[in-house]
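What follows is a short report on a single structure.
The values are calculated or read from the model by the stated rules, or taken from the named source; none is laboratory data. Note that the structure is predicted; figures quoted are calculated from it, not measured. Cβ atoms come from the backbone with ideal geometry, glycine included; neighbour counts cover every protein chain shown. Ligands, DNA and RNA are excluded from the accessible area calculation, which covers all protein heavy atoms including side chains. Shrake-Rupley method; radii C 1.70, N 1.55, O 1.52, S 1.80 Å.
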Amino acid sequence: MSELLIRGRVLTFLAEPQGIDDTAAWRYIEDGAVFVRGGKVVEIGEHAEVSRRAGPGIAVADHRPHLVLPGLIDTHLHFPQTQAIASYGAQLLEWLNTYIFVEEQKFAEAAHAAAVADRFMDELLSNGTTTAVAYCSVHPESVEAYFSAAEARGMRMVGGKVMMDRNAPDALRDTPQQGYDETKRLIGKWHGRGRAHYAISPRFAITSTPEQMEMSQALVAEHPTCFVQTHLSENRDEIAFATSLYPQAKDYTDIYARYGLLNDRMLLGHCIHLSDREVSVLAETGAVGVFCPTSNLFLGSGLFDRDRFDRLGARWSVATDVGAGTSFSMLETMDEAYKVLHLNGQKLTPFNSFYRLTLGNARALGLEKHIGSLHAGADADIVVLDSSGKSAMEYRMRTATSLAEELFILQTMGDDRCVAEVYVAGKAMKGKGKTGAANQR
Ligand code: GUN
Ligand code: ZN
């Protein structure tokens, strides 16, 4: 079984930091090492001790002075929108109709879907993201491409075919029965195969009829270990349109509640303009609100109210939301998260940011046994961050005097240039992608 000692400044979280001085929430080992065997973490600790226990002749990847963290996790993005990032000048509904519903039609072609899926996985990895939760297009071919590309790299990925049967071009619409049948077949093929997890994905209330919502409800009831994902309260026009289509619902959240879709495996993108009642319903059901700061600023959607989620006991996670999100980088995402919260008079400490990128997002997915921290038995999904990866950042970093300051500079100024290496199940991936003919598109 392959063994490797990964040496560097090891940082991993044990709990959600309750303040900037909450040193019990994380473990930092200055001359640390992660001992990996057969794709899993065996142990972490002081390099001298771990290396002695690992025995002589062990292969060593010496990443000093870089930081060694669990791989980053992105809880919401759209793989068919990889080439639609930076589409100009529109808010949500116009943006969807003008750009996205045009772009997603290309995924009827399996070869296109495969090429984009390869590039998508490589972009994630070059940004240090080892697990992500993505929407595919309405075409089953896009799901095949997505999970095949993840499987080829050994990545733990969550995804699913979008279901949409109205308010979209003909070429992007399924029917309630077709959405159900195709989803069921894809779950049977992919859910639990290797490291794949399926997400049942009605796009949002606007693009699903009540009949499709009923089919989604049946799928969720029949497949309780699958994730569920949709969008909620991103934009004022969207809310008005969605609630007009479901006049019997109390509010937007109640649309999903009435169809039994809210549970602790449900991820709801955006959740910006919610009432206390709605956030309380998310808290009661364990559903997760997904904060997508670069997207929310890019589309002019609004500011996520993190403090309200915390006050009402609702769960939340962070995500890029590519292609409304403007970067694959979770570092850049936390840079914008900090600014969005700041505009709302809320603070995000550097330790809390890095907790969210790793253990926090893993907990939001209920996958913390496998990913998000470097505990014994965890998957060896690891990112190595170079705090001097960008020149202006390196210059600023010279004046940093604490780990908290270093992390804050990394999230504020860092991007994919700061990812020195990324391991998927113990295998170094940097430089593996962007080479094949499939990636030339
Ligand atoms: N709401 C429904 N579909 C989408 C999408 O693709 N992106 C965003 N940002 N919001 C959505
Ligand atoms: Zn989205």
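So here's what we get for this one:
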read-out	value
Per residue, the convex hull volume that the Cα atoms of the stretch 261-351 enclose (Å³)	98 Å³
Cα pair distances of the chain binned at 10 Å [whole percent]	5, 22, 33, 25, 12, 3, 0
Sum of side-chain charges, residue 81 neighbourhood, beta-carbon under 14 Å (Lys, Arg +1; Asp, Glu -1)	-2
Note, ³J(HN,Hα) from phi for the stretch 3-15, Karplus 6.51, -1.76, 1.60, rounded to Hz, x at Gly and Pro	10, 8, 10, 9, 9, x, 8, 8, 9, 8, 9, 10, 7
Cβ charges +1 (Lys, Arg) and -1 (Asp, Glu), total dipole of the chain, debye	840 debye
Global size of the stretch 112-186 as Cα Rg and Dmax, reported in angstrom	13.2, 39
For the chain, calculated [θ]222 nm from helices alone, where every DSSP H run of n ≥ 4 adds -39500 (n - 2.57)	-10000 deg cm²/dmol
D_trans [Stokes-Einstein, Kirkwood Rh over alpha-carbon pairs] for the stretch 108-234, 37 °C, 0.692 mPa s, µm² s⁻¹	224 µm²/s
Per residue value of the accessible surface for the stretch 275-364 (all protein chains in place, 1.4 Å probe), Å²	28 Å²
Reference-scaled alpha-carbon Rg (2.2 N^0.38 Å with N residues) for the stretch 91-142	1.27
Potential extension, residue 62-residue 98 segment - 0.36 nm per residue separation minus Cα distance	8.1 nm
Translational diffusion of the stretch 1-129, µm² s⁻¹ [Kirkwood Rh, Cα pairs; Stokes-Einstein; 25 °C; 0.890 mPa s]	134 µm²/s
Of all accessible heavy-atom area on the stretch 293-441, the percent that carbon and sulfur account for (1.4 Å)	51 percent
Sites residue 91 and residue 342, calculated FRET efficiency, Cβ-Cβ separation with R0 22 Å, nearest 0.05	0.45
Loop trypsin sites (Lys or Arg not before Pro), the stretch 375-415 (other Cβ atoms within 10 Å of the site Cβ: 15 or fewer; DSSP)	398
Percent antiparallel among DSSP beta bridges (both partners in the chain, rounded to 5)	45 percent
Heavy-atom accessible surface of the stretch 198-260: percent carbon and sulfur, 1.4 Å	55 percent
Residues listed by number, the stretch 123-164, amide nitrogen under 13 Å from residue 16 label point at 7 Å toward C-beta	none
Heavy-atom accessible surface of the stretch 58-123: percent carbon and sulfur, 1.4 Å	53 percent
D (Stokes-Einstein, µm²/s), Kirkwood Cα radius, the stretch 15-87, 1.002 mPa s at 20 °C	136 µm²/s
